[in-house]
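Down below is the structure, laid out as structure tokens.
The values are calculated or read from the model by the stated rules, or taken from the named source; none is laboratory data. It should be emphasised that the depicted structure is a prediction, and the values quoted were computed from it without experimental measurement. For neighbour counting, all protein chains shown are included, and Cβ atoms are generated from backbone atoms with ideal geometry for every residue, glycine included.
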Amino acid sequence: MVDINRFVWKIGGEAGYGIKSAGYIFAKFCIRHGLFVFSKTEYPSLIRGGHNSYTLRVEEKQIHSYISTVDILVALDKRTLDLHKDELTQNGVIIHDDTFKVDNIRQDIKVYALPLSKIAEKRLGEKKIMMNTVSIGATIALLDADLNHLTSILEERFKTKPKKIFEDNIKAAKAGYDFVKENNLTCEKKLVKKSENKNILVNGNEAMTLGAIKAGCKFVSIYPMTPINSILHMMARFSRDYGIVVKQPEDEISAINMAIGASFAGARALTATSGGGFCLMTEGVGLAGETETPVVIIEGQRSAPSTGMPTNTEQGDLKFVMNASQGDFPRIVIAPGDQEEAFYLTAEAFNIAEHYQTPVIVLTDKHLAESYKSVEPFDQEKIKIDRGLIATKIEEVPFKRYRFTDNGISPRSFPGLENGMHNAASDEHDEIGQIDESSANRNKMMEKRMKKLELAEKELQKPEIIGKKDADFTIVSWGSTKGAIIDAIDFLKEENITVNFLQIKFINPLHKDISQLMKAAKKTILVENNFTGQLGTVIKEKTGLDFDYRILKYDGRAFSSSELCDRIKKITYR
């Protein structure tokens with residue numbers, strides 16, 4: 001039985017084989033056929049070598065996650081087979097280079113040994129570099145799709161390269177395609193072009209970068225660290241087009257202090273890092289809190305502690321960022337759950353930072369940062385700029401930059417504004433910024449700053465239930481688990497198990513409605529990508545409420561929707 005436009009394709013090989021490039025090109029090919037895709041990559045923390053893989057899920061409806069099985073496995077080396085052969089579905093297909101033998105494979109699997117490296121070497125003189133493109137052509141033929149649709153994608157991909165590179169890739173793809181057709185190789189999956197759509201292929205890092213640019217970010221200081229490196233690269237690429245100063249400083253300490261300085265001078269400023277780099281930034285976070293300087297910090301979580309597994313994912317930094325730096329001051333923490341939210345919430349983070357004059361941390365992770373998904377083009381009209389309370393004319397001298405107000409928010413002034421001079425010291429200070437360590441002033445300043453967190457709790461977006469209101473089970477979670485949860489809920493509907501989802505996007509401050517929504521749930525399930533259930537402990541601290549069940553994962557990999565579905569079913573059948 002032929003299955004049309006519904007399959008999972010995985011390609012694997014050594015670093016240097018162009019695994020990610022091949023996956024991206026094929027994902028684009030599927031999108032151009034009017035289909036929806038979701039992809040994830042895995043690679044080791046090695047400068048050279050190691051096993052890389054790219055998994056692509058394709059369907060005719062919108063999808064939000066990957067699943068644990070594979071229909072077509074492209075193995076450019078023997079290790080790919082050893083690691084992933086057990087993931088193959090019934091009647092799955094293996095395409096592998098014929099330089100190595102395949103053994104211990106289930107009888108239902110079709111195994112096709114293709115001369116991938118020989119084709120690349122014979123026709124192009126490149127044994128390994130072009131194997132990936134040969135395999136794309138072979139896949140397209142196996143799915144009985146039209147190779148001609150690949151031309152424009154390769155042309156776009158290699159438009160900045162010499163023309164010969166584009167031509168060689170076309171030849172490589174055609175050679176792989178022709179070999180499959182000439183040898184009548186088949187599979188039970190087909191790729192058929194549907195109506196055109198305008199979807200784009202974007203990962204979380206790209207979405208956050210675009211959101212920051214649209215929000216008017218004008219200064220970026222980032223020291224490279226997996227998984228946020230591509231934010232730095234993309235910002236640098238667009239810096240001249242949008243008038244953005246992009247700096248790669250000597251370390252993360254400099255990065256956050258530069259961003260704070262730029263914000264003090266009047267620019268919307270961004271820095272980004274991972275957990276290890278954020279450790280170094282914490283003193284700067286406190287400086288921003290004390291001086292009430294807005295700054296947006298993207299923190300890309302990965303497996304920890306210490307270096308941990310630096311190219312794997314986790315949600316282990318939540319409580320860390322909520323309490324980063326010493327003392328009490330407002331830290332607003334936002335956790336987008338998918339690529340769309342990564343765009344809109346990052347843009348909103350700049351408004352929030354300037355409105356409340358406090359650091360805002362956008363908490364992402366390796367899975368969201370680097371996973372690609374087909375989405376509708378972002379609606380730029382939804383992005384509104386709110387720069388908060390900025391003084392334009394000052395008549396009262398000296399200027400009270402830290403004036404006591406009912407809501408804790410005082411007018412800001414930028415350097416150059418007449419009569420706007422003030423101190424921005426890291427010590428406790430009075431309304432004009434002069435150091436003041438008296439008990440009376442300390443009490444008033446602490447209360448002033450913390451009022452902003454109380455105000456944010458009332459003003460920021462309230463949490464909502466996604467799905468059927470009276471479901472038998474309510475999942476509570478945050479961040480990149482969203483996609484697997486949404487898809488798992490759809491899978492469970494087919495088995496008459498009703499589940500809804502309470503997604504927490506704004507974690508600090510935690511909205512009081514969470515308590516009411518959890519009390520209204522029949523049974524609650526906490527889902528997190530960490531060992532201790534950090535969001536669960538925060539909710540219990542703030543509300544006194546605990547969970548009926550917990551599903552935690554901490555092996556460095558994100559939840560697949562199929563895995564999550566199975567674990568929820570075990571709970572429901574108890």
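Here is a list: A236, A175, A267. Which entry is outside the structural domain of I63 (by TED's automatic domain parsing) and either of a type in the set (S, T, N, Q) or not in a loop (DSSP other than H, G, I, E, B) (or both)?
Only one candidate qualifies: A236.
Residues D548, D513, D470: which one is acidic (D, E) and within 27 Å of the chain's Cα centre (by Cα)?
Among D548, D513, D470, only D513 is acidic (D, E) and within 27 Å of the chain's Cα centre (by Cα).
Considering only segment 497-516, I want to know if a residue exists there that is in a helix (DSSP H, G or I) and of a type in the set (A, V, I, L, M, F, W, C).
The answer is yes; a qualifying residue exists.
Could you run through segment 70-116 and say how many residues are surrounded by 22 or more Cβ atoms within 10 Å (Cβ to Cβ), in contact with a strand residue (DSSP E or B) (Cβ under 6 Å, 6 or more places away or on another chain), within 20 Å of K174 (Cα to Cα) and among the charged types (D, E, K, R)?
Of the residues in segment 70-116, 0 are surrounded by 22 or more Cβ atoms within 10 Å (Cβ to Cβ), in contact with a strand residue (DSSP E or B) (Cβ under 6 Å, 6 or more places away or on another chain), within 20 Å of K174 (Cα to Cα) and among the charged types (D, E, K, R).
How about segment 274-310: which of its residues are at positive phi and of a type outside the set (S, T, N, Q)?
E292, G308
Quick one: which residue in N91, N104 is more than 29 Å from G34 (Cβ to Cβ), outside any helix (DSSP H, G or I) and not assigned by TED's automatic domain parsing to the domain that holds E370?
N104
Yes or no: segment 279-292 includes at least one residue that is over 30 Å from N443 (Cβ atoms) and either surrounded by 24 or more Cβ atoms within 10 Å (Cβ to Cβ) or outside the structural domain of T358 (by TED's automatic domain parsing) (or both).
So far as segment 279-292 goes, no, none of its residues is over 30 Å from N443 (Cβ atoms) and either surrounded by 24 or more Cβ atoms within 10 Å (Cβ to Cβ) or outside the structural domain of T358 (by TED's automatic domain parsing) (or both).
For residues that are in a strand (DSSP E or B) and not β-branched (V, I, T), scanning just segment 473-496, find the one that is farthest from the chain's Cα centre (by Cα).
F473
If I go through segment 293-310 residue by residue, how many of them are closer than 24 Å to G216 by Cα, part of a loop (DSSP other than H, G, I, E, B) and either assigned by TED's automatic domain parsing to the domain that holds A425 or out of contact with any Asp or Glu (no Cβ under 8 Å at 6 or more places or on another chain) (or both)?
Total meeting the criteria: 1.
If you check I231 against the conditions, is it in a helix (DSSP H, G or I) and over 21 Å from S413 (Cα atoms)?
yes
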